[in-house]
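A short write-up of the structure that comes next.
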Amino acid sequence: MEPIPPTRIQLCGRLVVELRGRRVDGALPSRQGRLLFAYLALNRGRAIARDELTDALWPEAMPTAAPAALTVLLSKLRATVGPEVLRGRGDVTLSLPEAARVDVEDAFAGVHEAESAVALGEWRRAWGPALRAQFIAGRRLLPEHEAPWIDEWRRRLDDVLEHSLEAYAAACLGIGGTELAGAERAARRLVALAPLRESGYRLLMDTLAAQGNVGEAMRVYDTARTTLREELGLAPGPAIQEAHARLLDQATTR
């Protein structure tokens, strides 16, 4: 059986559109055409009304000729990707092959798979999906565009990045050995991105302790305690307190 040519869409970072092995991103009609395709890709499989598409393309000041401009854009886009991909005249649907890969979808699926594996203590199964999710979510979604709906998707991807860093750090810590360096890098990045997220401090403390750096781990605890008190008026939660207790035990048995 002939292998099926790949269909993949990259929306984070540089826009890449490959339909059945054919690159078409360079042929998308103008900046607005790329934005239109991106919106359809993020909502693929759903019939989208034209009013919704005009709101997405012109969120602030919609020109009086917006309906006609949308019609032209859809016509050009359909000519580029094919009528079997862009379906419908009233409501519009982006229909991709079953095996199509959209990077944003891969990020959400990856972090879900990674967190499920971490919950079961299956560290090696969590490692790959967590790394894949953080690579995708770490790139800026549609960097050449700005719109309220893009901001919402970016916030969702920021959340994916934090969760994937946490899952990756936990996986690397669980595997141990040479992966401890990866756990430390991920935990430090998580603390920098989300300084009020207690899990980042706990993972960093445990990782440093696993590398024998108990003193540095104690300093991370002090940073967490100070940050939480000054920003929220709270003491560290049970997870950090338990990690601190393990550090004290480790320090007294050295």
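Here are the numbers for this structure:
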{"item": "Rounded to 10°, Cα long-axis angle of helix 198-210 versus longest principal axis of the chain", "result": "50 degrees"}
{"item": "Distance histogram in 5 Å bins (all Cα pairs of the chain, percent per bin)", "result": "1, 6, 12, 13, 14, 12, 10, 8, 7, 7, 5, 3, 1, 0, 0, 0"}
{"item": "Cut-off 12 Å between beta-carbons: net charge of the residues surrounding Val118, Lys and Arg +1, Asp and Glu -1", "result": "-2"}
{"item": "Net +/- balance of residues flanking Gly90 in space, Cβ distance below 13 Å, scoring K and R +1, D and E -1", "result": "0"}
{"item": "Helix 123-137 vs. the chain, principal-axis angle (Cα, 0 to 90°, nearest 10)", "result": "50 degrees"}
{"item": "Low-density loop positions, trypsin sites (Lys or Arg not before Pro), the range 72-124 - DSSP coil, at most 14 other Cβ in 10 Å", "result": "Arg89"}
{"item": "Whole-number Å³ per residue for the convex hull built on Cα positions in the range 22-136", "result": "133 Å³"}
{"item": "Mean residue ellipticity (222 nm) of the chain, computed from DSSP H runs ≥ 4 via -39,500 (n - 2.57), nearest 500", "result": "-20500 deg cm²/dmol"}
{"item": "Positive-end residue of Gly138, Leu190, Val24, charge dipole of the chain with Cβ unit charges", "result": "Val24"}
{"item": "For the range 91-135, convex hull volume per residue from C-alpha positions, Å³", "result": "88 Å³"}
{"item": "Kirkwood-based Rg to Rh ratio, the range 103-252, C-alpha trace", "result": "1.01"}
{"item": "Net charge contributed by nearby residues that have their C-beta within less than 9 Å of Leu142 (K/R +1, D/E -1)", "result": "+1"}
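Each value in this text was obtained by applying a stated rule to the coordinates, not by laboratory testing. Quick caveat: nothing in here was measured; it's all calculated off a predicted structure. Virtual Cβ from ideal backbone geometry, glycine too; neighbours counted across all protein chains shown.
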